[in-house]
Amino acid sequence: MSTSTLKLSVSGIRGIIGDNLNIPEIVYYTSAFTSLLTSSKPKVLLARDTRLTGEMISNVVSSTLIASGVDVIDAGIIPTPTALYMANKLNLHGAIIVSASHNPIEWNALKLVGKNGRFLDQESINQLIKNYNNKVTSFKSALKIGKYEKIDNAIDEHVKRVVRFIDADKIKKANFKVACDYVNGTGLFATPPLLKALGVKEVSINDENTGKFAHTAEPSPSSMTSLSNLVKKEKADIGFTQDPDADRLAIVLDDGTALSEEYTLALCAKYLWMVGKGNAAVNLSTSSMIDDIAKETSSKVFRTAIGEINVSDYLRKNKLYFGGEGNGGVIVPEVTPGRDSLLGIALILELMATSKKTIKELVAELPLYKIVKDKIEVGSFNQKTVLKKMKALFKDATIVDIDGIKVEFENSWVHVRASNTENAVRIIAEAKTVKEAKEYIQKVKDILEMTQ
């Protein structure tokens, strides 16, 4: 099968089951992954989210790995950050997480992880695609196949690590009441144990393992209406929602106001710089809130291309304090190799407990920006042509083209790029008003239409 309709990137191999991602593709991509492992007897963690096709695909992946001489450590249904943590903790050679993250239920994916619990970089993905196209396999004889082992302590280990990083006693004394919307994803297995360990009272919705998501899986104000209502009904101190594999986090204020997931990283950054020192790295599309917070603490923020591995790579190579992405993901290398919503929850609760302020008061203290996110389906995204037109239109702006095209003004910016996870072009703009941000997005849309 042609790979033209699959999404192949550092975010994994994503497709629609029954359409462009089927059993043969899963076998060959898994085989291509095993060919990247350099150990003579590799061990790989296997994990998945709650979606309907997860068990089916996990069985295929597990069988292919074992047939290729790889020992499988099956952690079952766990959040992606938990899988990354365990792959690193157990010093495994890699991991495969069967999850299409925030994509709709029809989708699934193989999220591919190398050593140290870090996602494959672009160079490794390029080699994997080459291996797939050449149908490279390394199936072993009967006496050389891999072994299978199931573990059930991954979430407990991850929760313990998060709790060790923060001041749990301080949170316990605050007697918080938290409302959660798990969208029937992996958060329903991991977040309650965390909140219990922090002495937090929890009320929740969409907390059943049905295999189907209760609403749009991507955390955004438009998908958080039910959580907003729950916060107000239960008089909760804050509301949290995670995407299906729980690497992304969004919040609802105590008055029921649903926030853009951009506020998650900003709040975590506010606390991390309150209790520690060091520089940060975020991707190009992350809100300028973090830059303003950094200035208050004489810290620096470095920008990377989109993709969790690009941020985590920069953090590791430059030994930075923390980082993340504006899609609700915080990364603290000392705790977890990648974005971690469990850590995000703990940090925000500790910020509230330490400051003795409500979440609404804390958000009011953040720099005021309005971010607007849009996406459109286009026939193609010719970056060279679009770049030329954007340079002509925005003559006095700074243009960055390390990943898509970002146009930077004094107090605003607009960024356009092909999505890593969907068949779409994403346009994100930030300004002091929603009106201004929308105007930038419309100008980019006009350019895209002219290039079709």
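The values are calculated or read from the model by the stated rules, or taken from the named source; none is laboratory data. Just so it is clear, the structure is predicted and the values come from calculations on it, not from any experiment. Here Cβ is always computed from backbone atoms with ideal geometry, including for glycine, and neighbour counts include all displayed protein chains.
Conditions tested, residue by residue: (1) closer than 28 Å to Val434 by Cβ; (2) surrounded by fewer than 19 Cβ atoms within 10 Å (Cβ to Cβ); (3) not hydrophobic (A, V, I, L, M, F, W, C).
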position: Lys319; (1), (2), (3): no, yes, yes
position: Glu325; (1), (2), (3): yes, no, yes
position: Lys360; (1), (2), (3): yes, yes, yes
position: Pro367; (1), (2), (3): yes, yes, yes
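When you look at Gly344, is it in a loop (DSSP other than H, G, I, E, B) and not assigned by TED's automatic domain parsing to the domain that holds Asn103, yes or no?
For Gly344, the condition - in a loop (DSSP other than H, G, I, E, B) and not assigned by TED's automatic domain parsing to the domain that holds Asn103 - is not met.
Listed residues Lys357, Lys319, Lys395, Lys391; which is free of Cβ contacts under 8 Å to residues at least 40 places away in the same chain, among the basic types (Lys, Arg), over 26 Å from Ser222 (Cβ atoms) and in contact with a helix residue (DSSP H, G or I) (Cβ under 9 Å, 6 or more places away or on another chain)?
Lys357
When region 322-350 is examined, which residues are found to be touching a residue at least 24 places away in the same chain (Cβ under 8 Å) and more than 16 Å from Ala250 (Cβ to Cβ)?
If the condition is that a residue be touching a residue at least 24 places away in the same chain (Cβ under 8 Å) and more than 16 Å from Ala250 (Cβ to Cβ), then Phe322, Gly323, Val332, Glu334, Val335, Thr336, Pro337, Gly338, Glu350 are the ones that fit.
Under the condition of being touching a Pro at 6+ places or on another chain (Cβ under 8 Å) and not charged (D, E, K, R), which residue from region 340-354 is farthest from Thr186 (Cα to Cα)?
Leu343
Just to be sure, is Leu387 at pLDDT below 95, touching a strand residue (DSSP E or B) at 6+ places or on another chain (Cβ under 6 Å) and of a type in the set (A, V, I, L, M)?
Here the answer is yes, as Leu387 does meet what is asked.
Does Thr398 count as surrounded by fewer than 14 Cβ atoms within 10 Å (Cβ to Cβ) and either in the same structural domain as Ser288 (by TED's automatic domain parsing) or not small (Gly, Ala, Ser) (or both)?
Here the answer is yes, as Thr398 does meet what is asked.
Give Ser124, Ser99, Ser63, Ser68 a once-over and let me know the one that is buried (at least 24 other Cβ atoms within 10 Å of the Cβ) and in the same structural domain as Tyr148 (by TED's automatic domain parsing). Lay out the reasoning, then the answer.
Values: Ser124 fails: buried (at least 24 other Cβ atoms within 10 Å of the Cβ); Ser63 fails: buried (at least 24 other Cβ atoms within 10 Å of the Cβ); Ser68 fails: buried (at least 24 other Cβ atoms within 10 Å of the Cβ).
Among Ser124, Ser99, Ser63, Ser68, only Ser99 is buried (at least 24 other Cβ atoms within 10 Å of the Cβ) and in the same structural domain as Tyr148 (by TED's automatic domain parsing).
Which count do you get for residues in region 172-190 that are surrounded by fewer than 24 Cβ atoms within 10 Å (Cβ to Cβ) and farther than 18 Å from Arg51 by Cβ?
7
Mind counting the residues in region 200-218 that are modelled with pLDDT under 95 and either touching a helix residue (DSSP H, G or I) at 6+ places or on another chain (Cβ under 6 Å) or among the β-branched types (Val, Ile, Thr) (or both)?
2
Looking at region 1-43 only, could you name the residues that are assigned to a helix (DSSP H, G or I) and of a type outside the set (Asp, Glu)?
Ile23, Pro24, Ile26, Val27, Tyr28, Tyr29, Thr30, Ser31, Ala32, Phe33, Thr34, listed by residue number.
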